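Since every read-out is calculated from the coordinates, none of them should be taken as a lab result. Keep in mind it's a predicted model, so treat the numbers as computed, not measured. Cβ atoms come from the backbone with ideal geometry, glycine included; neighbour counts cover every protein chain shown.
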Amino acid sequence: ISNPGSTIVQYKNYRIVIVRKPISDGLEITAIRPIKKLSLEDYKLPEEILERIETKARGIIIAGETGSGKSTFAQAIAEEFARSGKITKTVESPRDLQLDKNITQYSKSFTSSTEIHDILFLSRPDNIIFDEIRDTPDFKLFTDLRLAGSNCIGVLHAAEPIDTVQRFITRLDTGMIPSVLDT
């Protein structure tokens, strides 16, 4: 992704962010790589939580602060879904989750929310991992997919659980939240 003042490159498992004037006061280059790749078993979750993720939860939000492992956890869930034979797809910006080849990764950086919406509805995956719900079009896409019955896991930056709910409240009727979020 290249804009005046910034360039973002995803090269293999490295994300390289280059920022220059006028956005920053000088040239800055940051290269980031995943620190760990964990499986769902590595989290040692209680059996009730694992069962909920695998059989009951349809609108999951994984929330936390920057760098807290939200995407790593979503990645582990995606791979568990795929291992159990479920068709799993992701919506990312940029595509940087380290996933098996049998999981299709879509990038919001190269298309519109409308096109991704159409692709997901027409391809009917069993599970959709939405890495980084950031702006109103992202919230609308996640909500529309959920209200249509899709199983969705969303990753969201939030310092506290109530902050997650607050972000949805400002974008949809309060009474609709239980139809969109259940875990």
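So between Q98 and D126, what do we pick up on full extension, going 0.36 nm a residue minus the alpha carbon distance?
Between Q98 and D126, full extension yields an extra 8.1 nm.
Once every DSSP H run of n ≥ 4 in the chain is given -39500 (n - 2.57) and the sum is divided by its residues, what mean residue ellipticity at 222 nm do you get, rounded to the nearest 500 deg cm²/dmol?
Result for the chain, helices only: -8500 deg cm²/dmol.
Compute the separation of the alpha-carbon centres of segment 15-36 and segment 121-183 and state it in Å as a whole number.
Centre-to-centre distance over Cα atoms comes out at 29 Å.
Give the angle, between 0 and 90 degrees and rounded to the nearest 10, that separates the Cα long axis of helix 113-123 from the longest principal axis of the Cα atoms of the chain.
Helix 113-123 and the main axis of the chain meet at about 40 degrees.
Take L45 and V19, extend 7 Å from each Cα along the Cα→Cβ direction, and tell me the distance between the two endpoints in nm.
3.3 nm
Run the numbers for D182 and L38: contour at 0.36 nm per residue of separation, minus the present Cα-Cα distance, in nm.
Once the chain is fully extended between D182 and L38, it gains 49.4 nm.
Identify all lysines with a Cα-Cα distance to K44 below 21 Å; exclude those on the same chain that are fewer than 8 residues away in sequence.
Those lysines meeting the cut-off are K36, K56, K70.
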